[in-house]
Amino acid sequence: MDTVLKMKWDRTFLVSLLLVIVLCSMLGEKVAINNGAGWDGVEYRDIARNFTERITTISYDKYRIQRILPFALINVTYSLLNISKDDRSLMNGALFLNLVSLITAIYFFFKISNYLRLKSIVEIISFSSLFYNFPSLKLLGYCPFLSDYYALCLGLACFYFFIKGKQISLVFCGILGSIIWPVALITALCLAFLPKDEVNLCSDIKIKTGVNVMQSCIKTIVAFSPLVFVLFLYYYKGGYEGLMGLYYDAKPLNGVMLLLSSLSIVYYLYRVVKHINIDVLKVLAFFWKKIKWSYILSFVLIYSCVNFIIIYFSNGEKGALDMKGLLVSNILFSTTDPFVFLINHFLYFGFAVLLLILLWRKLLPQYGKYGFGFLFVLFLIIFFSLRAESRVSIMFLPFLFFPLFELINKFEIKKWVAYTYCIASLILSRFWFQINTNGIEQAFLNPGEEGYISFPAQRYFMNFAHWQSHEIYLLFLIIGFTSSLLIYWGFRTNIFIEKK
């Protein structure tokens, strides 16, 4: 069969299967609390119902303003068309917008794939990684009143405009994204205005002793800073019992587990920065030389003006965006179990997370070739990767995954590997898993002493590490570790690769 025709058939099958599963999910069960709106979704449903009345009176906090656009659009559309704003009608509007965002995300995916010239087999792996996962196949229909999927669509658009060099479109995406996802603006502006010259992150050139010591100190500070933060909170709160008051339902079993979990974050960051080898002073001098001050001025002006407008229309409250809350969420909540943040990323996003871990050293040059703006986004990704609530990183998936797909594109992957990967991704997505069961509504309303870490509430909350039970953690730790061994063995023995 002709290669082009074969790719068209593959694309048709992948998209058709995705749409069938998503449509079934949208027509299926909804989160069994607040009439399908969930927890955060109640506020977004209220925006969809009362935006035009409330924005000029009591308004919303800054955090909600930065996620307001999709639900404000529902409100304005319904008002213009005189559509009833009852719960069922608003849910239909949210589901329709989610479907539009999914189709838009698919469009940008194939635009990027064409530009990068991904092979058909690699495209199957890539599509499965981005779309055959829990947020796409289950959460999109189960919790319609969330802005998560708009963030993924925004991330794909930003990555596409970045690699195509469309600066104005990228800036527009950032400005639009400032009222869809909190980190969208800073991400887009860094990509648009910071130098795009390649940075060799794994230089073979011998670095001077003084600079090498500086590099080692920076790596040490990066790796140990989370542990220092946890110890600070430990003493500030008066010991272990005081510290436990900051957690949600999921907590470390004891002080030893808290220490081991904190050290796991240190080890993770150590492995992330270990193979970075750059002459810090030369790179900074190169950055200074390549920077365009007109771009920096544009960056500052746009960022300041957009933030001024957001603050102007907000009610003056920060909501969930204060720095203390961000650090606690990103670091402390990831100390319930060792490497719980990585396990939850695997549970949430799928097998591509394992590929990132196993191929990280080879990926660093791939990331470096995209320039300084991309590297700033990469450092932002590393910071948010510490957060066990994986959904906050969804916008960054294209920036992490497409360089990975480019790397895999250099191999001649066997067909059965791509098909197996696709099937395994579907299974891991848990689209087939029924969340709502007898007693779950009562468990959501009155979780009891154990909170959401007991069943049946755990059927939903196992997907979010702040409320994940230790038993679920152990189950997916075993699945993730076993899968990693199989993937490592497959690449190591060249079983996945076609012989030349």
**Item:** Contacts under 9 angstrom Cβ, first residue in region 365-379 being under 20 Å from Lys289 (Cα atoms), partner acidic (Asp, Glu) and surrounded by fewer than 22 Cβ atoms within 10 Å (Cβ to Cβ), 6 or more apart
**Value:** Gly368/Glu198; Lys369/Glu198; Tyr370/Glu198; Gly371/Asp197; Gly371/Glu198; Phe372/Asp197
**Complete:** Selection from region 159-180 of residues of a type outside the set (Gly, Ala, Ser), crowded, with 24+ Cβ neighbours inside 10 Å and touching a residue at least 40 places away in the same chain (Cβ under 8 Å) yields Phe159, Phe162
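Among the listed residues Ser89, Ser59, Ser84, which satisfies the condition of being touching a residue at least 24 places away in the same chain (Cβ under 8 Å) and among the hydroxyl-bearing types (Ser, Thr, Tyr)?
Unique residue meeting the criteria: Ser59.
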**Residues of region 195-212 satisfying the condition of being modelled with pLDDT of 80 or more and either of a type in the set (Asp, Glu) or more than 25 Å from the chain's Cα centre (by Cα) (or both)** = Asp197, Glu198, Asn200
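So that you can scan it fast, the table gives a plain yes or no per residue for (1) polar (S, T, N, Q); (2) crowded, with 22+ Cβ neighbours inside 10 Å; (3) at pLDDT 95 or above:
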{"position": "Arg54", "(1), (2), (3)": "no, no, no"}
{"position": "Lys62", "(1), (2), (3)": "no, no, no"}
{"position": "Leu95", "(1), (2), (3)": "no, no, yes"}
{"position": "Leu99", "(1), (2), (3)": "no, no, yes"}
{"position": "Ile103", "(1), (2), (3)": "no, no, yes"}
{"position": "Asn133", "(1), (2), (3)": "yes, yes, yes"}
{"position": "Leu137", "(1), (2), (3)": "no, yes, yes"}
**Prompt:** Quick check: anything in region 74-86 within 23 Å of the chain's Cα centre (by Cα), part of a helix (DSSP H, G or I), of a type in the set (A, V, I, L, M) and at pLDDT below 95?
**Reply:** no
**Request:** Out of Glu198, Glu241, report the one residue that is surrounded by fewer than 14 Cβ atoms within 10 Å (Cβ to Cβ), part of a loop (DSSP other than H, G, I, E, B), out of contact with any His (no Cβ under 6 Å at 6 or more places or on another chain) and among the charged types (D, E, K, R).
**Result:** Glu198
**Message:** Go through (1) in a loop (DSSP other than H, G, I, E, B); (2) out of contact with any Ser or Thr (no Cβ under 8 Å at 6 or more places or on another chain); (3) closer than 26 Å to Glu471 by Cβ for Ala388 and report which single condition fails.
**Reply:** (2)
**Prompt:** For region 83-123, how many residues meet the condition of being in contact with a Phe, Trp or Tyr (Cβ under 7 Å, 6 or more places away or on another chain) and basic (Lys, Arg)?
**Reply:** 2
**Asked** What number goes with the only condition from (1) of a type outside the set (D, E, K, R); (2) surrounded by 19 or more Cβ atoms within 10 Å (Cβ to Cβ); (3) touching a residue at least 60 places away in the same chain (Cβ under 8 Å); (4) at negative phi that Ile74 does not pass?
**Response** (3)
**Message:** Against the condition touching a helix residue (DSSP H, G or I) at 6+ places or on another chain (Cβ under 6 Å) and farther than 17 Å from Leu378 by Cα, how does Cys202 come out, does it pass?
**Reply:** no
**Prompt:** Within region 258-310, restricting attention to residues that are over 25 Å from Gly174 (Cβ atoms) and of a type in the set (D, E, K, R), which residue is surrounded by the most Cβ atoms within 10 Å (Cβ to Cβ)?
**Reply:** Asp279
**Item:** Scan of region 49-62 for residues that are touching a Ser or Thr at 6+ places or on another chain (Cβ under 9 Å) and part of a helix (DSSP H, G or I), ordered by number
**Value:** Phe51, Thr52, Lys62
**Asked** Out of all the residues in region 43-72, which are under 20 Å from Leu152 (Cα atoms) and out of contact with any Phe, Trp or Tyr (no Cβ under 9 Å at 6 or more places or on another chain)?
**Response** Tyr63
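Yes or no, residue by residue, for (1) in contact with a Ser or Thr (Cβ under 6 Å, 6 or more places away or on another chain); (2) under 26 Å from Leu428 (Cβ atoms):
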position	(1), (2)
Ser89	no, no
Lys119	no, yes
Val122	no, yes
Ser129	no, yes
Phe134	yes, yes
Ser147	no, yes
Leu156	no, yes
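Condition check ((1) surrounded by 13 or more Cβ atoms within 10 Å (Cβ to Cβ); (2) part of a helix (DSSP H, G or I); (3) of a type in the set (Asp, Glu)) across all residues:
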residue	(1), (2), (3)
Leu17	yes, yes, no
Val20	no, yes, no
Ala32	yes, no, no
Glu43	yes, yes, yes
**Message:** I'd like the full set of residues that are among the β-branched types (Val, Ile, Thr) and within 18 Å of Val100 (Cα to Cα), limited to region 13-57.
**Reply:** Val15, Val20, Ile21, Val22
**Message:** Being part of a helix (DSSP H, G or I), modelled with pLDDT under 85 and under 26 Å from the mean Cα position of the chain (by Cα) is the requirement here; does Val272 meet it?
**Reply:** no
**Request:** For region 333-368, enumerate the residues that are within 16 Å of the chain's Cα centre (by Cα) and either within 19 Å of Lys274 (Cα to Cα) or of a type in the set (S, T, N, Q) (or both).
**Result:** Ser334, Leu342, Asn344, Val353, Leu354, Leu355, Leu356, Ile357
**Item:** Given (1) touching a residue at least 24 places away in the same chain (Cβ under 8 Å); (2) closer than 25 Å to Ile33 by Cβ, number of the condition Phe96 does not satisfy
**Value:** (1)
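The values are calculated or read from the model by the stated rules, or taken from the named source; none is laboratory data. Since we're looking at a predicted model, the values are computed, not measured. No Cβ is skipped: glycine too gets one built from the backbone with ideal geometry, and neighbour counts run over all protein chains shown.
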